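The values are calculated or read from the model by the stated rules, or taken from the named source; none is laboratory data. Please read all numbers here as calculations on a predicted model, not as lab measurements. Positions of Cβ are generated from backbone atoms using ideal geometry, with glycine treated the same way; all protein chains shown enter the neighbour counts.
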Amino acid sequence: VSGFDPAWLALREAADARARAATLLETRLARRRDGAPLRILDLATGTGSNLRYLAPRIGGRQAWLLTDVDRRLLDTLPDAMRSWASSRGYRLDRGAASIAIAASHFHCEVATLRIDLAQGLARLPVRGRDLVTASALLDLVSAPWIAALVAACRAARAELLFALSYDGRVAFEPPLADDRPVIRLVNRHQRTDKGFGPALGPTAPEVTADRLRREGYRVLRRASDWRIESDETELQGYLLRGWAQAASEMAPAAAERVNAWHARRLDRLSQGLSRISVGHQDLLGLRD
Ligand SMILES: C[S@@+](CC[C@H](N)C(=O)[O-])C[C@H]1O[C@@H](n2cnc3c(N)ncnc32)[C@H](O)[C@@H]1O
C-alpha cells in the first residue's frame with residue numbers, strides 16, 4: 001500500500017482535469033501512426049484518472065497498461081472506470097484480464113500491472129510503447145530514477161507526457177501572515193524520501209525537462225495550476241490538513257503555530273473566503 005487514499009484521488013480528479021494543459025495534446029495527436037492502436041504505459045496510475053482524461057482527447061484505438069504499487073487502488077480501478085464510462089455514455093466490457101472501453105471516437109483496451117517502481121525499472125515494460133505517461137508522480141521520484149526512466153524511454157523510442165507535477169508555488173486568497181513559512185516547510189517535506197531516494201519535490205518539472213533535453217527530446221512545458229474556488233471546501237480541507245501535517249513533521253517545534261495557521265485557514269474556508277492556487281506543470285517530451 002502506498003498510502004494514497006482513493007477518496008483523495010477522486011476528489012482531485014476534477015481539479016486536475018480543469019488544470020491540465022490541453023494544448024500539449026494537440027501537438028502529440030498530429031503525430032499518431034496510421035491504423036495501429038497507440039500503445040500507452042501509465043505509471044503510478046492510482047485509479048486511472050490519467051486515462052480518463054487522455055483517452056477521449058487522444059481518440060482512435062488505444063492499448064493502455066496501467067501500473068501502480070498499491071493493490072487496493074488497482075482493485076478500485078474497474079469501478080472507477082465503470083462509473084466514468086456510464087456517466088459519459090461509453091460502453092465498457094470487462095474481460096478476464098482486461099477492460100474494453102468504447103465510444104464513437106475512441107476505443108481502449110485497458111490492462112493493469114502491479115509493480116513497485118521504486119525497485120528499479122527492469123520489470124517495467126517500456127519496450128513497444130508509443131507513449132509513457134504519468135500524472136502527479138514526479139514530485140515523489142528522485143533525480144537518478146527520472147534519469148533511468150527517460151533513458152529507458154529513449155531506448156524504446158517512446159514519447160513522454162508528465163502531467164501535473166507540483167512546482168512549489170501556492171497562493172492563498174486572501175493571504176494570511178503564516179502562509180509563506182508553512183508552505184516553505186511543506187516544500188522541504190516534499191524533498192524527503194518517498195521510497196525512490198531524495199524526492200525531486202518542487203524541482204521535478206525543471207529537473208525532468210533538463211533530463212529530457214539531454215536525452216534528445218524536444219520539450220514542451222506548460223503551466224497546469226490548480227485554481228480551487230471557495231466552494232470546493234472538501235478539496236481545500238484535504239489540502240490544508242495535509243500541508244499542516246507535513247509542516248509540523250518538518251518542524252515539530254513550530255507545530256503550535258502551524259496548527260493556529262490551519263485553524264485560521266479553516267475559519268476562512270467555512271466563511272466562504274478562501275481560494276487557493278497550486279502551481280503545477282505539464283511536460284511533453286517529443287522525438288522528432
Ligand atoms: C498522487 S498519486 C497520483 C495517482 C494518479 N496518477 C492520479 O493522477 O490520480 C501517486 C500515485 O503513485 C503511486 N506510487 C507511489 N509510490 C509508488 C511506487 N513505488 N511504485 C508504483 N506506484 C507508486 C501511488 O500508489 C499513487 O497511486
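The table for this structure:
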{"quantity": "Helices (runs of 4 or more DSSP H) enclosed by the stretch 199-288 - at least 3 residues per element that are under 30 Å from LEU25 (Cα atoms)", "calculated": "204-214, 233-250"}
{"quantity": "Qualifying residue in the stretch 164-174 (condition: more than 25 Å from LEU266 (Cα to Cα) and β-branched (Val, Ile, Thr))", "calculated": "no"}
{"quantity": "Condition check for LEU124: within 11 Å of the ligand (Cβ to nearest atom) and either of a type outside the set (Lys, Arg) or surrounded by fewer than 20 Cβ atoms within 10 Å (Cβ to Cβ) (or both)", "calculated": "yes"}
{"quantity": "Search result, residues across the stretch 132-141 that are under 18 Å from TYR53 (Cβ atoms) and either near the ligand (Cβ under 7 Å from one of its atoms) or surrounded by fewer than 22 Cβ atoms within 10 Å (Cβ to Cβ) (or both)", "calculated": "ALA134, SER135, ALA136, LEU137"}
{"quantity": "Of all residues in the stretch 41-69 being small (Gly, Ala, Ser) and within 16 Å of the chain's Cα centre (by Cα), the one that is nearest to ALA97 (Cα to Cα)", "calculated": "GLY48"}
{"quantity": "Evaluation of ALA134 against (1) farther than 21 Å from LEU284 by Cα; (2) under 20 Å from the mean Cα position of the chain (by Cα); (3) touching a residue at least 60 places away in the same chain (Cβ under 8 Å) (one fails), failing number", "calculated": "(1)"}
{"quantity": "The stretch 56-80, residues that are polar (S, T, N, Q) and either farther than 25 Å from LEU25 by Cβ or away from the ligand (no atom under 13 Å from the Cβ) (or both)", "calculated": "GLN62, THR76"}
{"quantity": "Candidate set from the stretch 18-48 (those that are in a helix (DSSP H, G or I) and at pLDDT 95 or above); member that is nearest to the ligand (Cβ to nearest atom)", "calculated": "ALA19"}
{"quantity": "Residue check for GLU215: under 18 Å from the mean Cα position of the chain (by Cα), more than 16 Å from the ligand (Cβ to nearest atom), among the acidic types (Asp, Glu) and closer than 18 Å to PRO144 by Cβ", "calculated": "no"}
{"quantity": "Residue in the stretch 145-153 that is loosely packed, with under 14 Cβ neighbours inside 10 Å and either more than 13 Å from the ligand (Cβ to nearest atom) or among the polar types (S, T, N, Q) (or both) present", "calculated": "no"}
{"quantity": "Residues (in contact with a strand residue (DSSP E or B) (Cβ under 9 Å, 6 or more places away or on another chain) and more than 20 Å from ASP16 (Cβ to Cβ)) located in the stretch 240-268", "calculated": "ARG265, ARG268"}
{"quantity": "ALA100 being in contact (Cβ under 8 Å) with a residue 24 or more places away in the chain, under 19 Å from ARG57 (Cβ atoms) and surrounded by 13 or more Cβ atoms within 10 Å (Cβ to Cβ)", "calculated": "no"}
